[in-house]
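The values are calculated or read from the model by the stated rules, or taken from the named source; none is laboratory data. This one's a predicted model, so the numbers in the text were calculated from it and none came from an experiment. Here the Cβ positions follow ideal geometry from the backbone for every residue, glycine too, while neighbour counts run over all protein chains shown.
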Amino acid sequence: MNKTFLVAFREYYENLSTKTFWLGIFVFPIILVASLVVPTLLEKSKQARVFTVVDHSGWLHKAIAQKIKERDISIVLNGALEYWLSDENLPAHYPEHLDKLRSLVNADNLNQYTVALAAGQSDSIQLPAKLTESINSWRESLTQAQARQISANLSAARFHMSSVLATVTELNDALINEDLFAYFEISDDPLNDETALIYVSNNFTDESLKYWYVSFAEEIIKRKHADLFDIDDDVALKLTESLHVPSRKITNEGKQAQVDTADHVHQWVPVAFVYLLWLSVFSISQMLLTNTVEEKSNRIIEVLLSSVSPLQLMSGKIFGIAATGFTIILSWIVFFFIAIKILPLALGMPLSFDLTFVVSDLRYIGSFIAYFMFGYFFYAALLVGMGSVCNSLKEAQNLMTPVILILLVPMFAMVPVGQDPNGVLAKVMSYIPPFTPFVMMNRAAGPPSLFEYITTTLLMLVSIAFVFWGSAKVFRIGILLTGKPPKLREILRWLRAPVGTAPKKTTELE
């Protein structure tokens, strides 16, 4: 065992002493952070979509513009209320006179003030006319940058309505020259025409403008239809209201409780862990395979075998790379913990719940570490045996194809298992050793019964022992084998050969 640990320490030290190892540790978190930060930054840097409207009806666009104004003012007042409730000062980009509304506006009368301010009806809310005009002019003068500082949901933060009147021909030319992103054409009678609006644009990937504008048009047309058929506003609201079906869960005390966002995250966290587990097992096991093939092709193996036995060498390499893998994983966990604390604040999007439970919940972290161990030792023993019969990385890559196909199966089953962690598919796959670590990790939110944890753990221990035994028998012969790689029939003959004897009709050893 002493020599095994010396080999393991050598593997671990050699990996940690290289610059590429530390580069590899940092690259994955950087890529992960970049995949979250860059799209957000790019979204913020996206220019406001310039559009215009050709309104043949003479009334619909005016009604839509009024609704947009009401929504914007509601967003501003809501933001003001949030600041007041938290006893903080209003930010500099809010108009000074909003502070005068502090004693008047509250959550109960917010809608009343929103409609009145947008319509300029200062009398109904007992405000000076100059104040309502000032609020409306301030909103209309907001730049895209100022609007985004207040709220990304403000219309000016994403869209810009061009007031330049033009013919349809001129608008088409503006689209071709990219002076205009899109335009809407409203029919003469939007209440009765099947195509009340036409959206014209050459960009087919970003339809946020279309859905934003049409949502206001739909609300107004529905209300007009209600008035046309003399339907009471309250009745019309009930007819068009979406069915609200709240989700509930049963607590350990047997009582109902509300399901919140954190509960949904809890259910899907294992899927993220499965992906990380798959990536860890695959990359670290492949590192062992590559290392074995390189040392064999460079004849370093022959020098090592003059001091240690094949079994000691194989076990030492597996344990050494395992320690390397643990170092990588612990580094990723630290990076993740830092990221969930800093990134939301840096992006200006604080989370509504604490994500630190992901790295502090023993159900997830404990399962991840245990199943990483099981998965790594199973596939590491398998790959080190495969690597011992290969003379080049090209040969090793060809042998990796079946292993990759096996590893892809739990990835394809990741979502179905996550949706039904205690279903038949999940339970059956849990007892197939190559899939067990990934599927059981995926079921952690279920969670599986204690009996399943015990039986699958025993199954993995037996499977790992069996794979170690088979790989050791292949390794002791294949590691010194050169020339043409042995065929499967020959490898099977090695497995049946007693330890300490060389099987007949093997390739000549050098």
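For every residue, the table says whether it meets (1) assigned to a helix (DSSP H, G or I); (2) hydroxyl-bearing (Ser, Thr, Tyr); (3) modelled with pLDDT under 75.
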| position | (1), (2), (3) |
| --- | --- |
| 105 | no, no, yes |
| 118 | yes, no, yes |
| 139 | yes, no, no |
| 152 | no, no, no |
Flag for residue 374 being touching a helix residue (DSSP H, G or I) at 6+ places or on another chain (Cβ under 8 Å), at pLDDT 85 or above, part of a helix (DSSP H, G or I) and not aliphatic (A, V, I, L, M): yes
Residue in the range 296-313 that is in contact (Cβ under 8 Å) with a residue 24 or more places away in the chain, closer than 23 Å to residue 411 by Cβ, in a helix (DSSP H, G or I) and polar (S, T, N, Q) present: no
Residue ID - surrounded by the most Cβ atoms within 10 Å (Cβ to Cβ), chosen from residues in the range 150-165 that are more than 34 Å from the chain's Cα centre (by Cα) and of a type in the set (S, T, N, Q): 162
Only listed residue being in contact with a helix residue (DSSP H, G or I) (Cβ under 8 Å, 6 or more places away or on another chain), surrounded by fewer than 15 Cβ atoms within 10 Å (Cβ to Cβ) and modelled with pLDDT of 70 or more, chosen from 9, 51, 28: 9
Residue in the range 166-217 that is farthest from residue 60 (Cα to Cα), counting only those that are surrounded by 13 or more Cβ atoms within 10 Å (Cβ to Cβ) and of a type in the set (Val, Ile, Thr): 200
Single residue of the range 230-246 satisfying the filter (at pLDDT 75 or above and outside any helix (DSSP H, G or I)) that is farthest from residue 446 (Cα to Cα): 230
Residue in the range 423-434 that is surrounded by 15 or more Cβ atoms within 10 Å (Cβ to Cβ), under 25 Å from residue 324 (Cβ atoms) and in the same structural domain as residue 325 (by TED's automatic domain parsing) present: yes
Number of the condition not met by residue 448 [criteria: (1) closer than 30 Å to residue 300 by Cβ; (2) modelled with pLDDT of 85 or more; (3) touching a Ser or Thr at 6+ places or on another chain (Cβ under 8 Å)]: (1)
Hey, residue 239 out of contact with any Cys (no Cβ under 6 Å at 6 or more places or on another chain), exposed (fewer than 13 other Cβ atoms within 10 Å of the Cβ) and not charged (D, E, K, R) or not: yes
Failed item, numbered, when residue 286 is tested on (1) at pLDDT 80 or above; (2) polar (S, T, N, Q); (3) surrounded by 14 or more Cβ atoms within 10 Å (Cβ to Cβ): (1)
The range 54-93, subset among the aromatic types (Phe, Trp, Tyr) and more than 29 Å from residue 218 (Cβ to Cβ), residue modelled with the lowest pLDDT: 84
